[in-house]
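Read through the structure below, which is laid out as structure tokens, and then see the notes.
The values are calculated or read from the model by the stated rules, or taken from the named source; none is laboratory data. Fair warning: this is a prediction, and the values are worked out from it, not measured in the lab. Note: ideal-geometry Cβ built from the backbone for every residue, glycine included; neighbour counts use all protein chains shown.
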Amino acid sequence: MKIYIVIPTYNEKDNLKILVKKISELKIENSYIIIVDDNSPDKTGVLADKLAEDYNLSVIHRSAKQGLGSAYKQGFSLAIQNDADLIVQMDADLSHNPDDIPRLITVCLEGYDLVIGSRKIKGGQIVNWNLWRKFCSWGAMSFARLALNIKTKDLTAGFRCFKKEALQKINFQNIKSNGYAWLEEIIYLAEKNNLKIKEVPVSFVDRKAGRSKLGKKEIIEFFKTIFRLKFHSDA
């Protein structure tokens with residue numbers, strides 16, 4: 001069994017070396033890391049190339065900042081081309097604890113198509129967010145779940161483990177959204193295709209280094225995607 005861990009990066013030089021080292025220390029058999037870098041001005045891509053000399057790691061260099069969703073498309077595609085059985089996605093900013101990776105893998109192998117590291121179920125939590133940010137997140141997610149009839153509680157979680165066949169079944173390459181809206185659309189398609197999904201609780205720790213990539217453009221696309229899927233799901 002081959003396991004690929006896909007990590008998109010943009011200006012994550014302060015976090016990437018720490019993350020890669022922690023993943024390597026887990027000693028997950030037949031595991032590989034794919035870094036998808038969007039030409040980071042802080043030279044994250046250069047650092048990734050150096051790390052590739054010492055770790056089971058490959059780097060996709062992109063010419064410009066093209067977005068989270070398209071980064072995952074390329075990373076997932078490369079993993080599948082390399083005969084991945086399981087594909088893990090996670091953030092580069094250390095908000096996801098690498099120690100949770102084996103747990104997501106184990107649960108996936110118990111018979112699930114998709115396992116989500118969830119902040120929104122019992123035992124899960126978000127550390128270091130103020131009440132306003134938590135309220136806005138809850139409101140946006142509740143609206144999306146209600147509008148799209150989604151059962152998954154944490155539909156914007158970026159910490160996930162997929163079976164290869166699950167990604168192929170939902171035709172991930174055809175997903176139209178980008179940015180963080182990609183995260184909700186792929187859950188929508190997973191549920192629409194009756195994939196077996198499991199949420200497991202994780203602690204999400206807000207980044208300590210670098211800047212959040214979530215801006216007004218991302219928020220607007222999140223809500224536009226909801227209405228597109230609701231009223232033009234085949235468009």
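Observations on the structure shown:
- Odd one out for ILE80, checked against (1) at pLDDT 95 or above; (2) within 26 Å of GLU184 (Cα to Cα); (3) surrounded by 20 or more Cβ atoms within 10 Å (Cβ to Cβ); (4) of a type outside the set (Asp, Glu): (3)
- Scanning the stretch 67-109 for residues that are under 25 Å from VAL205 (Cα atoms), of a type in the set (S, T, N, Q) and touching a residue at least 24 places away in the same chain (Cβ under 8 Å) turns up SER70, GLN89, SER95, ASN97.
- Taking the conditions (1) among the acidic types (Asp, Glu); (2) buried (at least 23 other Cβ atoms within 10 Å of the Cβ); (3) more than 22 Å from GLN173 (Cα to Cα) in turn, ASP37 satisfies each one other than (3).
- When ILE80, ILE87, ILE33 are screened for being of a type in the set (Val, Ile, Thr) and out of contact with any Lys or Arg (no Cβ under 8 Å at 6 or more places or on another chain), only ILE33 passes.
Per-residue answers, yes or no, for (1) closer than 18 Å to GLU199 by Cβ; (2) more than 18 Å from the chain's Cα centre (by Cα):
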| position | (1), (2) |
| --- | --- |
| TRP138 | yes, yes |
| ARG145 | yes, yes |
| LEU148 | yes, yes |
| PHE162 | yes, no |
| GLU165 | no, no |
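- Annotation note: of SER58, SER95, the sole residue that is more than 18 Å from TRP182 (Cα to Cα), crowded, with 21+ Cβ neighbours inside 10 Å and of a type in the set (S, T, N, Q) is SER95.
- All told, ILE101 falls short of being among the β-branched types (Val, Ile, Thr), within 23 Å of LEU189 (Cβ to Cβ) and surrounded by 12 or more Cβ atoms within 10 Å (Cβ to Cβ).
- Pair list, Cβ < 6 Å and 6+ apart or interchain, from the stretch 9-27 residues that are within 17 Å of ASN56 (Cα to Cα) to residues that are part of a helix (DSSP H, G or I) and at pLDDT below 95: none
Residues are listed down the side, and each one gets a yes or a no for (1) at pLDDT below 95; (2) in contact with a Ser or Thr (Cβ under 9 Å, 6 or more places away or on another chain):
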| residue | (1), (2) |
| --- | --- |
| VAL36 | no, yes |
| PRO41 | no, no |
| ASP49 | no, no |
| GLN66 | yes, no |
| ALA71 | no, yes |
| GLY75 | no, no |
| ASP85 | no, no |
| ALA92 | no, yes |
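- Among the residues of the stretch 39-61, those that are within 15 Å of LYS13 (Cα to Cα) and of a type in the set (A, V, I, L, M) comprise VAL46, LEU47, ALA48, LEU51, ALA52, VAL59.
- Helices (runs of 4 or more DSSP H) within the stretch 114-194 that include 1 or more residues modelled with pLDDT under 90 and of a type in the set (Lys, Arg): 131-148
- Residue pairs meeting the criteria (Cβ under 6 Å; at least 6 apart or on separate chains; first touching a residue at least 60 places away in the same chain (Cβ under 8 Å) and of a type in the set (Lys, Arg), in the stretch 110-121; second surrounded by fewer than 23 Cβ atoms within 10 Å (Cβ to Cβ) and assigned to a strand (DSSP E or B)): ARG119/ILE126; ARG119/PHE204
- Figure legend. Inter-residue proximity from the stretch 46-60: first residues touching a residue at least 12 places away in the same chain (Cβ under 8 Å), second residues assigned to a helix (DSSP H, G or I) and of a type outside the set (S, T, N, Q), beta-carbon distance below 6 Å, spacing 6+ or different chains. Indicated pairs: LEU47/LYS13; LEU47/LEU16; LEU51/VAL20; TYR55/VAL20; LEU57/LEU51; VAL59/ALA48; VAL59/ASP49.
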